[in-house]
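The values are calculated or read from the model by the stated rules, or taken from the named source; none is laboratory data. Owing to the predicted nature of the structure, the values given are computational and were not obtained by experimental measurement. Here the Cβ positions follow ideal geometry from the backbone for every residue, glycine too, while neighbour counts run over all protein chains shown. Accessible surface areas use protein heavy atoms only, side chains included; no ligands, DNA or RNA. Shrake-Rupley method; radii C 1.70, N 1.55, O 1.52, S 1.80 Å.
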Amino acid sequence: MEPLKIPATSNTPEVDFDFDQNRFCLKGESHPEDVTAFYQPVMDPLEAHLGNHGDGTCEFVLEFIYFNSSSAKIVMTLMDLIDEAAEAGATVNVKWVYDPEDDNMLELGEEFGEDLEHAKFELVAQESE
């Protein structure tokens with residue numbers, strides 16, 4: 001499957017999905033005007049890929065600066081897909097990258113990580129620049 005790359009905007013995250021390498025990254029802010037219009041073309045191929053993934057390894061890097069409640073629902077759906085792939089036999093590693101000064105993103109990461117039963121979850125503080 002061709003890689004899916006969408007550059008970040010002021011209200012949508014960068015999407016960098018490399019299906020061949022099984023590396024998936026969302027980075028930036030997420031508060032699109034129409035969450036379905038933005039995320040449906042992202043989630044559909046990911047869901048198809050993970051459904052046929054088998055027992056390989058894949059990595060997700062989620063590095064959000066901010067997301068609204070509509071985007072949070074998408075993140076919950078993403079976590080469900082990730083956990084289903086892990087339950088089906090894939091080795092799934094999730095890295096939640098957060099600014100160490102942003103307690104809110106840390107807490108959200110902790111909450112999302114607690115919901116995963118089968119995937120490996122790691123909180124990663126961003127390095128200072």
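Considering only region 44-91, state which residues are in a strand (DSSP E or B) and of a type outside the set (Phe, Trp, Tyr).
Within region 44-91, the first condition is being in a strand (DSSP E or B), and the residues that meet it are 57-67, 91.
Residues satisfying the conditions are THR57, CYS58, GLU59, VAL61, LEU62, GLU63, ILE65, THR91.
Which residues, counting only those in region 7-21, are closer than 14 Å to PRO32 by Cβ and part of a loop (DSSP other than H, G, I, E, B)? Steps first, answer last, please.
So the first thing to find is which residues in region 7-21 are closer than 14 Å to PRO32 by Cβ, and the list is 7-15.
Within region 7-21, PRO7, ALA8, THR9, SER10, ASN11, THR12, PRO13 meet the criteria.
Using the structure shown, decide if VAL124 is hydrophobic (A, V, I, L, M, F, W, C) and either in contact (Cβ under 8 Å) with a residue 60 or more places away in the chain or within 14 Å of LEU26 (Cα to Cα) (or both).
Against the criterion (hydrophobic (A, V, I, L, M, F, W, C) and either in contact (Cβ under 8 Å) with a residue 60 or more places away in the chain or within 14 Å of LEU26 (Cα to Cα) (or both)), VAL124 does not qualify.
Looking at region 83-117 only, could you name the residues that are charged (D, E, K, R) and either open to solvent by less than 20 Å² (accessible area, probe 1.4 Å) or touching a Leu at 6+ places or on another chain (Cβ under 6 Å) (or both)?
Scanning region 83-117 gives a single hit, ASP83.
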